[in-house]
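Engineer: Take this structure first; my questions come after.
The values are calculated or read from the model by the stated rules, or taken from the named source; none is laboratory data. All of these numbers come straight from a predicted model, not from anything done at the bench. Neighbour counts are summed over all protein chains in view; Cβ atoms, including those assigned to glycine, are modelled from backbone coordinates with ideal geometry.
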């Protein structure tokens, strides 16, 4: 697959504070690549550097046309995290202005704008002033503005924040559709569940550095180990002495045992010692959500050095 | 440049579709016309009411002469002959308003003092005005003395003191008026252009801070550079200012040409106007750079700090110099004002309108300082704009702004 965007060893500091360092990833044609991380991890900074709104201190950013140094702004659609629209103008006027800035032909823009407004349940709103739109409607208009000019690369910074579930579904379907039609999509989010549903690959960032990078399935396979939750009064030392247990988290009468990657759940269960007090027991895989929380709260469940190459 | 044009076009279109802007576009010329025409209206209607009735009891047969004198002087009197006696006059005045009785008889030759009886409600200036009736009577006195017409004219001429200046030019009075108007008419026009584009330019500040408030700056900047956005705004609002000037011209100039007896159009399109307009445009660029930079540091006009407020007041700094420059258009204050970039556009235009001989060296120095300042402030504004426009929801402190400038 054709690579649309390559970020290599990106680094950026504000004053003395290091915001991001050593960030490298690629976004390919027709895939959804998720940039994932807790608030303040450096997602927006990374994206702003890609968009040329900030300039990186280190590293390079290359778009498909490697010959050109300039950012191919006309081929990129961008939905920033902090976003809004001019208040006292008509919806159609602002959509056409933004399309014009991208050098997109005006008549086609008008046609597509009407089509997209209809698709997003905003039919007939083209002549309405922006200030009369609800917040959700405004977000839809912003999204339409980002994709109106048929970009080859679409960068969405927290596209789902503040959306109701119905709109979220609408956005998800549209983004998936765009990817199927060959648009390269870079999507940042802190909502793990949404990313899990959509992304082909992910880059997990924390405190400005890479934690995980790779295809979603590989990440799941590698990091989503089994964990066993036991209700019952048990000594910590006993739990820790069990085979294949990497780590124990104990809170009152509940203990969570994190098992090693190669564990065979059925065999492992059969071999549990009889003195173990079990009121309730469940065994399941660690979800991406938990991995995310784990990283964000610095519990170091994952070894940072580990790397999955795409 | 293409993107700059797009932004400029958008700003123009957006404002021309905005009701507030459109109302503002027409309200200032209309207000101007209202202030200009309404007092005129009242004056006209008052004229009839104010006219004073003057009854003349003429024993010497000079009534026709008096009537001619009054007409010539343009006094708003209604002259009427009467043969009422002095005793009766006092009684008659009680019932009449705004009237007076003048008795012209032998006393004019005896002591030269004639009685005037006036009603209570009469113009306070009436006693001054009535003196003009003295002239024809004096002529009669002289005639009575039997002087030749030459001697008579010498006496009636009297002696007057007239103001004279050391460097009085040989020009006729009418010629001086022409030269003065030739300078002052383009001067007033250039000042109006400067004022109009600077005021419209203040909207740049609004536009820049609105961009922050509406959080659209980042979306826009994904399509163009901050420099292009800034230039687009400056050019766009310049055009809007010119539109304002055009509206002003279309609405006000015909009225002025109609109302004032001066061939304004002839005096307006003179070579001097070109230089004054260049100064006005430079002034606009300087203030536009200031406003766009400051606008980018502010989230909201209502939360403007002292620092931003002071910068907004800079265009009015020229007012400090206006008084001294009027007194002495080539004095030290005038020179200082021409060399400070924030005051020089207004002061230069003012001086060029007042001065007969243009101080070319001072003008060139002033212009050079202005051009360099425009360039420097555009650069600074670019730096501030680039960072400030993306700093949502917060006003920048002077310290921060200084840091951006140094970066």
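Engineer: Let me confirm something: among B:197, B:184, which residue is in contact (Cβ under 8 Å) with a residue 40 or more places away in the chain, surrounded by fewer than 18 Cβ atoms within 10 Å (Cβ to Cβ), in contact with a helix residue (DSSP H, G or I) (Cβ under 7 Å, 6 or more places away or on another chain) and more than 14 Å from chain A (Cβ to nearest Cβ)?
Structural biologist: None of the others qualify; the one that does is B:184.
Engineer: Tell me, which helices (runs of 4 or more DSSP H) wholly within the range A:31-139 include 1 or more residues that are touching a residue at least 12 places away in the same chain (Cβ under 8 Å) and within 18 Å of residue B:226 (Cβ to Cβ)?
Structural biologist: Details: elements: A:43-50, A:91-101, A:106-119.
Of the helices (runs of 4 or more DSSP H) lying wholly inside the range A:31-139, those with at least 1 residues that are touching a residue at least 12 places away in the same chain (Cβ under 8 Å) and within 18 Å of residue B:226 (Cβ to Cβ) span A:43-50, A:91-101.
Engineer: Condition (residue is assigned by TED's automatic domain parsing to the domain that holds residue B:273, within 30 Å of the chain's Cα centre (by Cα) and modelled with pLDDT of 85 or more) applied to the range B:379-391: is it met by at least one residue?
Structural biologist: Let us first name the residues in the range B:379-391 that are assigned by TED's automatic domain parsing to the domain that holds residue B:273, namely B:379-391.
Pick out the ones that are also within 30 Å of the chain's Cα centre (by Cα) and you get none.
There is no residue in the range B:379-391 that is assigned by TED's automatic domain parsing to the domain that holds residue B:273, within 30 Å of the chain's Cα centre (by Cα) and modelled with pLDDT of 85 or more.
Engineer: On to the next question. Taking the range A:80-110 as the search range and keeping residues that are within 22 Å of residue A:30 (Cα to Cα) and within 8 Å of chain B (Cβ to nearest Cβ), which one is surrounded by the most Cβ atoms within 10 Å (Cβ to Cβ)?
Structural biologist: My answer is A:80.
Engineer: Here is a further query. Which count do you get for residues in the range A:143-165 that are assigned to a helix (DSSP H, G or I) and over 19 Å from the mean Cα position of the chain (by Cα)? Step through it out loud before you land on a result.
Structural biologist: First, the residues of the range A:143-165 that are assigned to a helix (DSSP H, G or I): A:143-147, A:165.
If we keep only those that are over 19 Å from the mean Cα position of the chain (by Cα) too, we end up with A:144-145.
Number of matching residues: 2.
Engineer: Could you please let me know if residue B:280 is closer than 27 Å to residue B:313 by Cβ, more than 10 Å from every other protein chain (Cβ to nearest Cβ), under 24 Å from the mean Cα position of the chain (by Cα) and buried (at least 17 other Cβ atoms within 10 Å of the Cβ)?
Structural biologist: Criteria met by residue B:280.
Engineer: Would you check which residues across the range A:191-212 are surrounded by fewer than 22 Cβ atoms within 10 Å (Cβ to Cβ), more than 29 Å from residue A:250 (Cβ to Cβ) and within 13 Å of the chain's Cα centre (by Cα) and list them?
Structural biologist: Correct list: A:191, A:194, A:197, A:198, A:200, A:201.
Engineer: Output the residues belonging to the range A:217-246 that are touching a strand residue (DSSP E or B) at 6+ places or on another chain (Cβ under 6 Å) and under 26 Å from residue A:40 (Cβ atoms).
Structural biologist: A:219, A:224
Engineer: Taking the criterion of being within 28 Å of residue B:319 (Cβ to Cβ) and either touching a helix residue (DSSP H, G or I) at 6+ places or on another chain (Cβ under 9 Å) or away from chain A (no Cβ under 14 Å) (or both), would at least one residue in the range B:221-229 satisfy it?
Structural biologist: As a first pass, look at the range B:221-229 and keep what is within 28 Å of residue B:319 (Cβ to Cβ): none.
The answer is no, given that none of the residues of the range B:221-229 is within 28 Å of residue B:319 (Cβ to Cβ) and either touching a helix residue (DSSP H, G or I) at 6+ places or on another chain (Cβ under 9 Å) or away from chain A (no Cβ under 14 Å) (or both).
Engineer: May I pose another question? Hey, can you tell me all the residues within the range A:162-190 that are surrounded by fewer than 17 Cβ atoms within 10 Å (Cβ to Cβ) and over 23 Å from residue A:149 (Cα atoms)?
Structural biologist: A:162, A:164, A:165, A:166, listed by residue number.
Engineer: Sort out which residues of the range B:7-22 are facing chain A (nearest Cβ under 8 Å), surrounded by fewer than 21 Cβ atoms within 10 Å (Cβ to Cβ) and either part of a helix (DSSP H, G or I) or modelled with pLDDT of 90 or more (or both), and write them in order of number.
Structural biologist: Of everything in the range B:7-22, those that are facing chain A (nearest Cβ under 8 Å), surrounded by fewer than 21 Cβ atoms within 10 Å (Cβ to Cβ) and either part of a helix (DSSP H, G or I) or modelled with pLDDT of 90 or more (or both) turn out to be B:13, B:14.
Engineer: Sticking with this structure for a sec: Out of curiosity, is residue A:33 touching a helix residue (DSSP H, G or I) at 6+ places or on another chain (Cβ under 8 Å) and either farther than 21 Å from residue B:387 by Cα or facing chain B (nearest Cβ under 9 Å) (or both)?
Structural biologist: no
Engineer: Which count do you get for residues in the range B:70-128 that are in a helix (DSSP H, G or I), over 39 Å from the mean Cα position of the chain (by Cα) and surrounded by 15 or more Cβ atoms within 10 Å (Cβ to Cβ)? Outline the logic, then answer.
Structural biologist: Looking only at the range B:70-128, we keep the residues that are in a helix (DSSP H, G or I), and these are B:70-73, B:86-95, B:107-110, B:126-128.
Then keep just the ones that are over 39 Å from the mean Cα position of the chain (by Cα); that gives B:86-95, B:107-110.
Imposing the further condition that a residue be surrounded by 15 or more Cβ atoms within 10 Å (Cβ to Cβ) reduces the set to B:89, B:92-93, B:108.
Final tally of qualifying residues: 4.
Engineer: Here is a further query. Given the criterion away from chain B (no Cβ under 14 Å), within 26 Å of residue A:1 (Cα to Cα) and at pLDDT 90 or above, identify the matching residue among A:156, A:178.
Structural biologist: Details: A:156 fails: away from chain B (no Cβ under 14 Å).
That would be A:178, the only listed residue that is away from chain B (no Cβ under 14 Å), within 26 Å of residue A:1 (Cα to Cα) and at pLDDT 90 or above.
Engineer: Here is a check on your reading of the model: is residue B:67 at pLDDT 80 or above and either touching a helix residue (DSSP H, G or I) at 6+ places or on another chain (Cβ under 7 Å) or over 20 Å from residue B:155 (Cα atoms) (or both)?
Structural biologist: Details: at pLDDT 80 or above: yes; either touching a helix residue (DSSP H, G or I) at 6+ places or on another chain (Cβ under 7 Å) or over 20 Å from residue B:155 (Cα atoms) (or both): yes.
Yes, satisfied.
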